[in-house]
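Just so it is clear, none of the values below were taken in a lab; they were calculated from the coordinates. Source: prediction; values computed, not measured. When we count neighbours, we look across all protein chains shown, and the Cβ atoms used for this are built from the backbone with ideal geometry, even at glycine.
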């Protein structure tokens with residue numbers, strides 16, 4: 001009886017590890033998005049995560065929401081510095097997420113300041 005319980009719990013644990021590895025190591029898509037960084041904040045009750053939004057249109061009709069993992073310190077610093085500016089974000093889209101990673105499936109890996117195509121000089 002104990003042996004059967006151990007096998008069942010071990011199997012469940014291995015399935016969870018495989019699911020976690022799949023979500024972490026297999027990206028659904030990769031790409032870039034540009035827009036005005038309108039929001040970047042750390043939020044959450046149980047687990048604090050970094051969440052942000054960029055506006056991709058003049059009227060703010062298209063909003064792209066994203067998350068940043070805690071270990072990307074340079075990206076977090078840059079996003080805090082560029083708030084209100086036009087930025088180009090490089091992201092990885094995952095199939096799913098965990099509550100301790102963020103609210104969205106889009107995770108920012110790089111950020112650079114850019115020039116708005118609407119207000120070029």
*Using the eigenvalues of the Cα gyration tensor, what equivalent ellipsoid semi-axes result for the chain when each is taken as the square root of five times the eigenvalue, whole Å, largest first?*
37, 14, 11
*Can you give the extra length, in nm with one decimal, that the chain gains between residue 25 and residue 3 once fully stretched, where that is 0.36 nm per residue apart less the Cα-Cα distance?*
4.7 nm
*Starting from the Cα of residue 77, step 7 Å along the direction of its Cβ; do the same at residue 46; then give the gap between the two resulting points in nm.*
3.2
*Taking all pairs of distinct alpha-carbon atoms in the stretch 1-45, Kirkwood radius in angstrom*: 14.8
*Computed [θ] at 222 nm, helices only, for the chain once each DSSP H run of length n ≥ 4 contributes -39500 (n - 2.57)*: -9000 deg cm²/dmol
*Please report, for the Cα atoms of the stretch 22-81, the Rg to one decimal and the Dmax as a whole number; what are they, in angstrom?*
13.0, 38
*Using a ≥ b ≥ c from the Cα gyration tensor of the stretch 81-121 (square roots of the eigenvalues), is it rounded, prolate or oblate, where a/c under 1.5 gives rounded and otherwise the larger of a/b and b/c decides, a/b for prolate?*
prolate
